[in-house]
Amino acid sequence: MKLPFFQVDAFTNRVFGGNPAGVCPLDSWLDSDVMQAIAAENNLAETAFFVAGPDRYHLRWFTPTTEVDLCGHATLASAWVLFEKLGAKSGEVSFDTRSGVLVVKKAGDLLSMDFPSRPGEPVQAPAALIAGLGCAKPAEVLRARDYLVVLESEEAVRALRPDFAELTKVQTWGIIATAPGKDADFASRFFAPAHGVPEDPVTGSSHCTLIPYWSKRLGKTRLAAHQVSARGGELACEDLGARVSIAGRAALYLEGSIYAG
């Protein structure tokens, strides 16, 4: 079985930046265990698979160990492949996903995604969360799908040296660390070691929680975000109420074929 495959660096305008995502267009769905095996073989934070439907594309995402309910950078990468490689004619593509319908619009080289807002609620931090991050007492801790740990400065976020074994004890999908940014409205990092992603370079889905938090705190709806991982990434964000807009660019790293037996 020979399948087309693309690797796209998302939330960056250059190769070797942003977050690499695998994108595998399909004529029809493979068995879930085959897609999971491909994602494990790719060993990227996420590999996306999509199938064309009568009105929308159907999109699924896999980490090396599990299928996920929402992924921003692999959605951006999938839309880029449709626009730039597979001849999508309009300036908009829509995906049916486990998180509902997601729309991606193209304006020049900028792709903007319409995602659900997931504001966090204040919670008591589990001991393993603070021990695993290795940080001083955070300013705030909130919880939506992920824990949101608010620190005092971007320098504190950059300085984190997480104990991933300790973080796997935290009952959550992922862990976001954030603070006011130096060259952006806010900075963040994202960790999901229990799901095969120790640190994600740039995370679209975490901004479903980051955007409503920083929009309320800063009193503005349009925000510039910087994920300060080693690869780094830039996101243009907007709080739309029940939805958020997350925009970025992408660069093609690899185009080829998968031979899956």
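Only the coordinates and a few stated rules stand behind these numbers; no lab work does. Here the structure is a predicted model, which means the values were calculated and not measured. All Cβ positions, even for glycine, are placed from backbone atoms using ideal geometry, and neighbour counts span all protein chains on display.
Using only alpha carbon pairs under 8 Å that are at least six residues apart, calculate the relative contact order of the range 121-239 and give it in whole percent. Mind showing how you got there, number by number?
On the way: 239 pairs, mean separation 23.8, N = 119.
It comes to 20 percent, rounded to a whole number.
Kindly work out what percent of the DSSP beta bridges joining two residues of the range 121-239 are antiparallel, to the nearest 5. Numbers along the way, then the final one.
On the way: 20 of 27 bridges.
So the antiparallel bridges in the range 121-239 amount to around 75 percent.
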If each of Leu240 and Lys182 carries a label point 7 Å out from its Cα toward its Cβ, how far apart are those two points in nm?
3.3 nm
What whole-number distance in Å separates the alpha-carbon centres of the range 187-259 and the range 14-82?
17 Å
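Just how large is the dipole of the range 121-239 about the Cα centre, in debye to the nearest 20, putting +1 at every Lys and Arg Cβ and -1 at every Asp and Glu Cβ?
Details: 13 positive and 15 negative charges, 22 e Å.
Once rounded to the nearest 20, the dipole reads 100 debye.
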Quick one, which of (1) 30, 21, 16; (2) 33, 23, 19; (3) 26, 21, 19 is the actual semi-axes √(5λ) of the Cα gyration tensor in Å calculated for this model?
(1)
How many angstrom separate the Cα center of the range 115-178 from the Cα center of the range 89-113?
29 Å
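Assuming R0 = 22 Å, what is the FRET efficiency of Leu26 and Lys89, from their Cβ-Cβ distance, to the nearest 0.05? Numbers along the way, then the final one.
Working: r = 20 Å, r/R0 = 0.92.
Once the sixth-power term is evaluated, E becomes 0.60.
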Provide the gained length on full extension for the span Arg14 to Ile258, in nm with one decimal, where the gain is 0.36 nm per separating residue minus the Cα-Cα distance.
85.4 nm
In the structure displayed, which of Lys106/Lys216; Lys85/Lys106; Lys182/Lys216; Lys2/Lys106; Lys2/Lys105; Lys2/Lys85 lie more than 24 Å apart, Cα to Cα?
Lys106/Lys216; Lys2/Lys106; Lys2/Lys105
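Using the per-residue mean of other Cβ atoms lying within 10 Å as a proxy for protection, in what order, highest first, do the peptides 246-258, 178-190 fall? Please report the intermediate quantities before stating the final value.
Details: 246-258: 17.8, 178-190: 21.4.
Top of the packing list down: 178-190, 246-258.
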Please work out how much length the chain gains when fully extended from Glu41 to Ser153, using 0.36 nm per residue of separation minus the C-alpha to C-alpha distance, in nm with one decimal.
36.6 nm
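In percent, how large is the relative contact order of the chain, given Cα pairs closer than 8 Å and 6 or more residues apart?
Working: 642 pairs, mean separation 62.3, N = 261.
Dividing the mean separation by the residue count of the chain yields 24 percent.
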Zone reached by a paramagnetic label modelled 7 Å from Asp33 Cα along Cα→Cβ, restricted to the range 48-73 with backbone N below 19 Å, covers 62-68
